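Working notes, beginning with the structure itself.
The values are calculated or read from the model by the stated rules, or taken from the named source; none is laboratory data. No experiment lies behind these values; they were computed from the predicted model shown. Note that each Cβ is placed from the backbone with ideal geometry, even for glycine, and that neighbours are counted across all protein chains shown. These accessible areas exclude ligands, DNA and RNA; they are computed on the full protein's heavy atoms, side chains included. Shrake-Rupley method; radii C 1.70, N 1.55, O 1.52, S 1.80 Å.
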Amino acid sequence: MRASLSMEDDMPNHAHTIVAGVGEISPDDPALRAAAQVAHAAGAELHLVYAYQLPGLMKRAQGLEHGLPEGVARYERGLLQSLEAAARSLPGGAGAACHVVLGAAAPTLARVAAEVGAELLVVGAARKSRLGSAILGTTAERVLREASIPVLVARRPMTLPPARVLLTTDLSELSAAVHEAALDTIDLFLGAPGEVRSLLVVGWTAAPAPLSAGALGRAARAELEAFLDARGHVAPHVEPAVRTGIPADEIVGEARGWGADLLVVGTHARGWGARLMLGSVAEASLRDAPCNVLAIPPVPVAAAVAAPAASWSESPELKQWLDAAS
């Protein structure tokens, strides 16, 4: 079931589209609130999707949806009216198209996003369960794994435009394309950020002899600076940062210590694999991220900037360390 609410008189023609997966029909739902805020600021078309399952009593009555379709339709209309009311209560929500669909959330979101040509998905990180355990949420995890467009995971109220954006990289061409796609998405929907930092995590806690930890850090920073300089025409003012340790922990630590408003991660690992684990730690980072997260799906390398990616072999110190570690 879908209802398109009347558009606000002063709303501009929409050139871009957002789809948000609503987990709880309430103005306090993090995805609903964040999506309405972003759509309002960007002048984007907003689609709100609530995927539901039948209540327990109705599910126990096998075939009820076929034998008593009017009961199911009445239940769905009630959900739709509640979703419309929640949307209307938020700035930017009054013009939303509301969808209430029987089925699993992740495939429903993917289907609606494809149908409307969405360029951004918004989901909420699950709150603590009634038993007190902190979870990201099955729906969010499945959306992140399957999405072909950027996914904004709303963990807290949005700051628009974001004051501090933390990118993550492994110096591969894929991560260069992720940088570019992320910055395009941020500019399009969130506004130009105040500060941008790119983090490289070297995934070992100690350097083998004869290379010292300090020399490793200096070599890694030099490679990151070369990587960013080669792409200065895409993002001319990006501050480099290097940390050593467990990638997910270091990413979360950098986001928290720097006070990032938005963390950007790629959702699939490529390139250096076991050495520098960018994509493989995306979900682990999301679980503990202290801020909102923008997850970028795999981007064709052809979409990356023309300049070649920095090569670790350009650093004699780092090459010596990598040779010793292999």
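Tabulated results
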| item | result |
| --- | --- |
| Length released on extending from ASP187 to GLN81, taking residue separation times 0.36 nm less the Cα-Cα span | 34.8 nm |
| Solvent exposure ordering (accessible area, 1.4 Å, most first) of ILE18, ILE149 | ILE149, ILE18 |
| Solvent accessible area, Å² - LEU121, 1.4 Å probe, full protein context | 10 Å² |
| Projected label distance in nm at LEU54 and LEU102, using a 7 Å step from Cα toward the beta-carbon | 0.6 nm |
| FRET efficiency, ARG88 to ALA215 (Cβ-Cβ, R0 45 Å, nearest 0.05) | 0.15 |
| Estimated FRET transfer efficiency (ARG74, ASP229; beta-carbon r; R0 56 Å; 0.05) | 0.35 |
| Efficiency of FRET between ARG287 and SER148 - r from beta-carbon atoms, R0 25 angstrom, step 0.05 | 0.65 |
| TYR75 accessible area, 1.4 Å probe, all protein chains in place, Å² to nearest 10 | 80 Å² |
| Sulfur and carbon atoms: percent of accessible area, region 140-201 [1.4 Å] | 45 percent |
